[in-house]
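Okay, so here's the structure we're looking at.
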Amino acid sequence: MFENEKQALNQVVARFCEKRGLPAGKLERRKIPFSGEWGMAAPLFPLAAADPNKSGPVPAHAQFLAEALAAELQGLAGFARVEASKGYLNLYFSSSEYAQKALEDVLAAGSAYGSQPQSGGPVMVEYSNVNTHKPIHVGHLRNVILGGTICRMLEAAGHPVIRANYIGDIGLHVIKWLYNYERFHAGEKPAADIMRWMSDIYTEAERHFASDPAYEAEVRAYFNRWDAGDEEIRALWLKTRDWSMAGFEQTYQLLGEHFDRIYFESEVEDSGKLLVEDLIERGIAEDGRPENPVIVDLDKLLGTKEEYRVVVLLRSDGTSLYATKELPLAMLKFEEYPLEQSIYVVDVRQTLHFKQAKKILELMGFEPAQRMQHLAYEIVNLPGNVTMSSRDGTVVLLDDLLREASQRAQNIVAEKNAALSLEQQQEIAREVALGAIKYPMISRETTKVVTFDWESALDFNGQSAPYIQYAHVRANSILRKAGLGLEAADLPANFAYELNSSEINLIELLTELPDLIVRAAKELKPSLIATYAYDLAKAFNDFYNTCPVLGAEEPQRGARLALVAAARIVLEKSLRILGIDAPQEM
RNA sequence: GUUCCCGUGGCCUAAUGGAUAAGGCACUGGCCUCCGAAGCCAGUCAUGUGGGUUCGACUCCCACCGGGGACACCA
């Protein structure tokens, strides 16, 4: 925006610096923190501090330089006003021109507004990572929503994205489930709600296993049969794994997520064991079998002290572990795709595990290891800092939460939009409920624990997805009443009048999305988009309450209609990145 | 013991090292003959402690306090 003007500005600044013997470093530019006028600000403190001719304290000298520079910049094209204040140089744009340009950008781009052109190699994002034969609960939700949002942010920032899901399809938990099924549910088929049906069997299995030593022994024996390659058990395993995956698919569809590549744990077990043999031969791993496990003593190899610790790669009986499979999986990803980056969205408790895995790969000379990145997010707890666990039964199932939230949303929709069909009401209620559930998972920083409680999860007021959706609905409603389509790309945005501060704030926010997308993708911070969407909705509501649109005279009416259309586009766009639907009515 | 993360009004959260620390919940009072009140307006209240770096620190560094996590055969 205003590239010519900025260049002219840079030239004047460069001359100014040269004349005074100041370092030529470009002047930093930032937003003016006061609302109501547009422009950019430049703090002159760094220049003042570096000035060899400085006399007196830095702030005073910064103000002196700002005034001198302001004098040189008077009358520069594209700027309505230049002022020096408290050591800052403030440059104000001429409002109508700026507004016009900003709205043209949004309306011309439409739903592509803010997205960058595609560039670079693909990025793989591994997320979800659930275990078969267990339920997906609210504790898993943050991962899925976070991962999905990261993918959409990266795509908007121009990166091709491959969505990967690493499924835990083997292990004792699976054996427990299979045995319990054979013993008490043989021949049964999954109920319509697959997840709940499988979850119930799993809970039952855990109960028997924990309370009955004889039962536990039977499960262990069953595990041995599995290990020996028992055909019958293998077949049952594959069949029930499919059921489980079908259940997951229902949930992913509900959440609007999909995956391009599913990796199964069972898929990398054998290659993991082979890799360990290689590591032993190369002297990286130490083989202590049969008394002791196969380990990599990273601290010993690296000369570090209690930093990388010891990794166990195989049990003393030769069976594989979590770490065994991580290594071949990491390599497989780079074999299958020319990845520019390989991101793991996995909770913070596995930080050491990923640090170790990456280091072992580096020791092996696996160059792409440096392109692996672990996004460690904090978990979702229940009040009282209770961690959700399907084993302990301290879980909130997504279905239960969604059903309750949808019901509550539907009551409100029915009250406000009685004319809509029941199906429409239900569809809207689902979108609102899902948004309300998703938003708290991404609106705070990934390093902060989310505490789930029913009351705030079902609250559709305040800083929440429904608030943002509502602003979108109102914008849509105005456009509909004006007889306009949603995109309204050919609206003449003529801002030849004195804009008020609510209009200015709103337009200013619209212009921020493109840069924000780039930054959010770079820093892997969905919370930036989430708070932005809320700020935008708030600014729109302020505008809505302050400025009449349909009843206004020209040129306000046309300009404000264009502004409503642009705001609607950007609200919908930011919601879409967050994976939240923007209903037309609610 | 080693190490990582968190600490901002009563509660929850925001703030690329930059000007007056921004919102939400809760509480109190007000606003629907006016584009949708899931909304808007008004009011009280905050950077754990002590040092340091810097022209300038919620932000960076050190120490401490408080909370949580990770650290050899779970994943």
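The values are calculated or read from the model by the stated rules, or taken from the named source; none is laboratory data. In this text, all values refer to a predicted model and were calculated from it rather than measured experimentally. Cβ placement follows ideal geometry from the backbone for every residue including glycine, while neighbour counts extend to all protein chains displayed. These area figures cover heavy atoms from the full protein model, side chains too; ligands, DNA and RNA do not enter into them. Shrake-Rupley method; radii C 1.70, N 1.55, O 1.52, S 1.80 Å.
For the range A:106-129, which residues satisfy the criterion of being surrounded by fewer than 22 Cβ atoms within 10 Å (Cβ to Cβ), touching a residue at least 60 places away in the same chain (Cβ under 8 Å) and of a type outside the set (G, A, S)? Once the filter is applied, which keeps residues that are surrounded by fewer than 22 Cβ atoms within 10 Å (Cβ to Cβ), touching a residue at least 60 places away in the same chain (Cβ under 8 Å) and of a type outside the set (G, A, S), the range A:106-129 yields A:L107, A:Y113, A:Q116, A:P122, A:N129.
Yes/no per residue for (1) more than 38 Å from the chain's Cα centre (by Cα); (2) surrounded by 15 or more Cβ atoms within 10 Å (Cβ to Cβ):
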{"site": "A:K54", "(1), (2)": "yes, yes"}
{"site": "A:A60", "(1), (2)": "yes, no"}
{"site": "A:L65", "(1), (2)": "yes, yes"}
{"site": "A:A71", "(1), (2)": "yes, no"}
{"site": "A:N90", "(1), (2)": "no, yes"}
{"site": "A:F93", "(1), (2)": "no, yes"}
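Of the helices (runs of 4 or more DSSP H) that lie entirely inside the range A:440-559, those containing 2 or more residues that are within 11 Å of RNA strand B (Cβ to nearest atom) and under 16 Å from the mean Cα position of the chain (by Cα) span A:501-523, A:526-546.
Of everything in the range A:354-379, what is away from RNA strand B (no atom under 16 Å from the Cβ) and not in a loop (DSSP other than H, G, I, E, B)? Give them in sequence order. Matches in the range A:354-379: A:L361, A:E362, A:L363, A:E367, A:P368, A:A369, A:Q370, A:R371, A:M372. Considering the range A:392-411, and only residues there that are touching a residue at least 60 places away in the same chain (Cβ under 8 Å), outside any strand (DSSP E or B) and among the aliphatic types (A, V, I, L, M), the residue that is most open to solvent (accessible area, probe 1.4 Å) turns out to be A:V395. Residue pairs whose Cβ atoms lie under 8 Å apart, separated by 6 or more positions or on different chains, with the first residue in the range A:370-391 and acidic (D, E) and the second open to solvent by less than 70 Å² (accessible area, probe 1.4 Å), are A:E378/A:D347; A:E378/A:V348; A:E378/A:T446; A:E378/A:V449; A:E378/A:V450.
Kindly indicate whether A:Y263 is outside any helix (DSSP H, G or I), under 24 Å from A:R142 (Cα atoms) and of a type outside the set (D, E, K, R). In short, yes. Residues in the range A:327-356 that are free of Cβ contacts under 8 Å to residues at least 40 places away in the same chain and open to solvent by less than 20 Å² (accessible area, probe 1.4 Å): A:F354 only.
Within the range A:371-390, is even one residue of a type in the set (A, V, I, L, M) and open to solvent by 50 Å² or more (accessible area, probe 1.4 Å)?
yes
Contact map, the range A:282-306: residues that are charged (D, E, K, R) paired with residues that are more than 10 Å from RNA strand B (Cβ to nearest atom) and assigned to a loop (DSSP other than H, G, I, E, B), Cβ distance under 8 Å, separation 6+ or inter-chain. Pairs shown: A:R282/A:M364. Each residue in the range A:560-586 was checked for being within 12 Å of RNA strand B (Cβ to nearest atom) and under 20 Å from the mean Cα position of the chain (by Cα), and 1 of them qualify. Selection over the range A:177-216 of residues that are closer than 22 Å to A:S390 by Cα and either touching a residue at least 60 places away in the same chain (Cβ under 8 Å) or hydrophobic (A, V, I, L, M, F, W, C) (or both) gives a count of 19.
Condition test on A:L103, is it touching a residue at least 12 places away in the same chain (Cβ under 8 Å), more than 30 Å from A:I577 (Cβ to Cβ) and open to solvent by less than 10 Å² (accessible area, probe 1.4 Å)?
So A:L103 fails the test.
Only a single criterion out of (1) modelled with pLDDT under 95; (2) in contact with a Pro (Cβ under 8 Å, 6 or more places away or on another chain) is not satisfied by A:L578, namely (1). When the test is whether a residue is out of contact with any Leu (no Cβ under 9 Å at 6 or more places or on another chain), surrounded by 19 or more Cβ atoms within 10 Å (Cβ to Cβ) and in a loop (DSSP other than H, G, I, E, B), A:I201 does not pass it. The set of residues in the range A:301-314 being within 9 Å of RNA strand B (Cβ to nearest atom) and more than 26 Å from A:S271 (Cα to Cα) consists of A:K305, A:E306, A:E307.
Could you tell me whether A:L361 is open to solvent by less than 30 Å² (accessible area, probe 1.4 Å) and touching a residue at least 40 places away in the same chain (Cβ under 8 Å)? Judged against the criteria, A:L361 is not a match.
Being without any contact (Cβ under 8 Å) to a residue 24 or more places away in the chain, near RNA strand B (Cβ under 7 Å from one of its atoms), over 25 Å from A:V174 (Cβ atoms) and among the acidic types (D, E): is that true of A:E277 here?
The answer is no for A:E277.
When the range A:34-52 is limited to residues that are open to solvent by 30 Å² or more (accessible area, probe 1.4 Å), among the small types (G, A, S) and at pLDDT 85 or above, the one that is nearest to RNA strand B (Cβ to nearest atom) turns out to be A:A49.
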